[in-house]
Amino acid sequence: MEQKGLRSQIDSNELQGGLGTVSEQAKSSIEITLAAESGLGYGEGSISHRAGTERVGIEVVKQAEAVINSSIILTDISVDSEGLSIEDDGCGDGREAGVILQGDTEIKKPSLNRAKVFGGGATMAVAARIGVDGLSEQTLGEEFKVAMDELDEKYIGFGAHTDSHAHGENCGCGAIDKAPEIIANTVKFRDQITATIKALGIEDDLTSVFEKFLDASIRTKDQEFSGKQVSESIKAHDKITKRLLGGHEEQYIVLNFISGKTVDQHVVRQTTDDQVQVFATDVWRLQEIAQKL
Ligand SMILES: [Zn+2]
Ligand SMILES: [Zn+2]
């Protein structure tokens, strides 16, 4: 699939799938930008916009895109009993939450809107550590543990999810379970990732970051890794883990740049009768984690 470049500022109904971004423009309005019209055009796995469109039909896709192109795609981060914004985060997986756990204990509360980063804060902390200093521990599993301790020391909340069909050494979060492969793919798709980042308007020189990921991918290539153990460590930190239901139906990635808000993935599922899901990333949260570490 060919990669099309950035088109800034699009009209409603023009969103064709792939990567959309939402950022602060004027004080009250939001800007929705289509960053990769034909999708990212690279990567591995069975989740794709094209296949999803064929499955659900163009009418449902239009409903989803109308929501994504409107202000209701964003919602406030939920507040706790004291009225403060909840300070943890979770993964951008588009599926619906079932059981909610705090540590190992089920809590009888509705799922709150927390910030979303790929895999949750622990995964992004690992990515940030590798990108800046390289893999500091002997194994990726150890790197996750040290990253969680660092998040605790710096009072940065984090959370995660499992799902209802994970088995073996998997926890159900692809970003965690496939962490070694994702590190390897960072190297494999270096040129495409660089183009995507440029399309998002980021001009930083990433040479050293890619070198650190190359080194990490070589060192972790033949190592055993257990997403389930990472998930157990997150629970041992007494964090919120959401058990997600059903299969993946994500057709879009929505990037939100407005601090204090997150992507309302529920409204897309609801509008499309659970036929379309969106991946979400709160870029402001990523920046916050990277700055504090
Ligand atoms: Zn996940
Ligand atoms: Zn799954």
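The values are calculated or read from the model by the stated rules, or taken from the named source; none is laboratory data. Source: prediction; values computed, not measured. Counting neighbours? That spans all protein chains shown, and the Cβs are built from the backbone with ideal geometry, glycine included. Accessible surface areas use protein heavy atoms only, side chains included; no ligands, DNA or RNA. Shrake-Rupley method; radii C 1.70, N 1.55, O 1.52, S 1.80 Å.
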With the dipole of the stretch 18-292 worked out from charges on the C-beta (+1 for Lys and Arg, -1 for Asp and Glu) around the Cα centre, which of Ser23, Phe189, Gly103 lies farthest toward the positive end?
-> Ser23
Per-residue [θ]222 nm for the chain (sum of -39500 (n - 2.57) over DSSP H runs n ≥ 4, rounded to 500) | -11000 deg cm²/dmol
Links that overshoot a 31 Å alpha carbon limit, given the list Lys62/Lys235; Lys198/Lys235; Lys212/Lys239 = Lys62/Lys235; Lys198/Lys235
Can you give the FRET efficiency for Ser46 and Asp273, using 1/(1 + (r/R0)^6), R0 = 22 Å, r = Cβ-Cβ distance, to the nearest 0.05?
-> 0.55
Candidates per trypsin sites (Lys or Arg not before Pro) in the stretch 79-163, loop by DSSP, up to 12 other Cβ within 10 Å = Lys108, Lys154
Taking Lys221 as the anchor, which aspartates and glutamates have their alpha carbon closer than 13 Å to its alpha carbon, excluding any fewer than eight residues away along the same chain?
-> Glu181
Spelling it out for Tyr252: with amide H atoms placed in the peptide plane at 1.01 Å from N, the residues 5 or more places away or on another chain with amide H under 5 Å from its amide H are Phe279
Name the most mobile residue of Asp205, Asp133, Asp93, meaning the one with the largest mean-square fluctuation, in a Gaussian network model of the chain with Cα contacts below 10 Å.
-> Asp205
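Determine the gain in length on full extension of the stretch Tyr155-Asp205; use 0.36 nm per residue of separation and subtract their C-alpha separation, reporting nm with one decimal.
Values: separation 50, 0.36 × 50 = 18.00 nm, distance 2.96 nm.
Once the chain is fully extended between Tyr155 and Asp205, it gains 15.0 nm.
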Can you list which of the GluC sites (Glu not before Pro) found in the stretch 200-293 are DSSP loop residues with at most 16 other C-beta atoms within 10 Å?
-> Glu203, Glu224
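Taking R0 as 41 Å, what FRET efficiency do you get between Ser70 and Ala290 from their Cβ-Cβ distance, rounded to the nearest 0.05? Spell out each step's value before the answer.
Numbers: r = 30 Å, r/R0 = 0.72.
Rounded to the nearest 0.05, the efficiency is 0.85.
Over the chain, with the other protein chains present, what is the accessible area per residue in square angstrom, probe 1.4 angstrom? Intermediate values should be presented prior to the final figure.
Working: 14750 Å² over 293 residues.
Result: 50 Å² of accessible area for each residue.
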Under 13 Å from the Cα of Lys116, which aspartates and glutamates turn up, not counting those fewer than eight places away in the same chain?
-> Asp76, Glu87, Asp88, Asp89, Asp93, Asp264, Asp282, Glu288
For Ser111 and Val79 in the same chain, what is the full-extension length gain: residue separation times 0.36 nm, less their Cα-Cα distance, in nm?
-> 10.3 nm
